[in-house]
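A.B. asks: Input: one structure, supplied below.
The values are calculated or read from the model by the stated rules, or taken from the named source; none is laboratory data. The shown structure was predicted, so the numbers you read here are calculated from the model rather than taken from an experiment. Counting neighbours? That spans all protein chains shown, and the Cβs are built from the backbone with ideal geometry, glycine included. Surface areas here come from the heavy atoms of the whole protein model, side chains and all, with no ligands, DNA or RNA. Shrake-Rupley method; radii C 1.70, N 1.55, O 1.52, S 1.80 Å.
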Amino acid sequence: MKIMLFTTPTCQYCGPAKELVKNIENIEILNAMENLDLAELYGIRSVPALVLEKCSGNEVLVGLEQITNFVENKENFSGNCGCNCGH
């Protein structure tokens, strides 16, 4: 599973979101303004947005509350896609 956090420099919730995910291994933190193509690819229209790229499909969590819920449920990011691919 690939995990990406999209943020912007002016977003008041992006700093706390970065702090929440700092201990997740292999997370990629991206400035949505500098990565417009990727943001568009994942349908990012609001930040902070956490993208979970899985073999079974992508999941996008938008907003600090959804990201907090994801991080608090630690088994979510055990690195397992839920398939047999080994991600």
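Condition check ((1) among the β-branched types (Val, Ile, Thr); (2) free of Cβ contacts under 8 Å to residues at least 40 places away in the same chain; (3) touching a Pro at 6+ places or on another chain (Cβ under 8 Å)) across all residues:
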residue	(1), (2), (3)
Glu19	no, yes, no
Glu25	no, no, no
Asp37	no, yes, no
Gly43	no, yes, no
Ser46	no, yes, no
Val51	yes, no, no
Gly57	no, yes, no
Glu65	no, yes, no
Asn69	no, yes, no
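Residue-by-condition table, conditions (1) open to solvent by 60 Å² or more (accessible area, probe 1.4 Å); (2) modelled with pLDDT under 95; (3) under 17 Å from Asn73 (Cβ atoms):
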| residue | (1), (2), (3) |
| --- | --- |
| Gly15 | no, no, no |
| Glu19 | yes, no, no |
| Glu25 | yes, yes, yes |
| Glu28 | yes, no, no |
| Met33 | yes, no, no |
| Leu36 | yes, no, no |
| Glu40 | yes, no, no |
| Ile44 | no, no, no |
| Asn58 | yes, yes, no |
